[in-house]
């Protein structure tokens, strides 16, 4: 199974080794996520975040000395949670491998319709294009994402060589994520989009069951 990207909160910056410190770090990350979603990375400043939190800038910098460190931690937490959701389908014992795969696809498609999910991914993609460290974290996320999909694909077609399964998983992740450019939150209803989810599921099954 793909290695989970989840990390112990005690490894986060600041005083996260103490319970109150962990709670404060999580509160900062919650408000920072809302700020990033609502204002965008261009307007995301430490001063504005401190104001939203109702604390002094120096207090915020005690936990996160730099904006870059805060954004990277925020990014890792968000992607960890996303990956854990997807991984839950791979570890589930409910239903057939085929049904678990389709359930995972349906989950991702449904998540693409959420404003918060779409907006934060848009911001993270934009940041990844400008920040090598953010790009590295995003690249690692998509590697683990495709590895997790591969774990769900293999039982659907046990006779298919693993190297081919791995390549197909990359193709499928690209198809699913690329579809978010055409459908989901904030997208115009293209005349050919109705029924596209059904076409995606059928295409994926054709590829893996061939």
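What follows draws every value from the coordinates through simple rules; no lab data is involved. This one's a predicted model, so the numbers in the text were calculated from it and none came from an experiment. No Cβ is skipped: glycine too gets one built from the backbone with ideal geometry, and neighbour counts run over all protein chains shown.
Observations, loosely collected:
- Theoretical ellipticity at 222 nm over the chain - DSSP helices of four or more residues, -39500 (n - 2.57) apiece, nearest 500: -23500 deg cm²/dmol
- Residue exposure sequence - 19, 52 - by fewest surrounding Cβ within 10 Å: 19, 52
- Reducing segment 140-210 and segment 102-137 to their Cα centroids gives an inter-centroid distance of 15 Å.
- Hydrodynamic radius by Kirkwood, which averages 1/r over all alpha carbon pairs of the chain, in angstrom: 18.7
- When you count the other C-beta atoms within 10 angstrom of each residue and take the mean per peptide, 132-141, 82-91 line up highest first as 82-91, 132-141.
- Helix 19-39 axis versus longest C-alpha principal axis of the chain: approximately 70°, rounded to the nearest ten.
- For the pair residue 129 and residue 191, the difference between a 0.36 nm per residue extended length and the Cα-Cα distance amounts to 19.2 nm.
- Expressed in Å, the radius of gyration and Dmax of the Cα atoms of segment 122-210 are 15.3, 42.
- Order of 170, 149 under a 10 Å beta carbon neighbour criterion, fewest first: 170, 149
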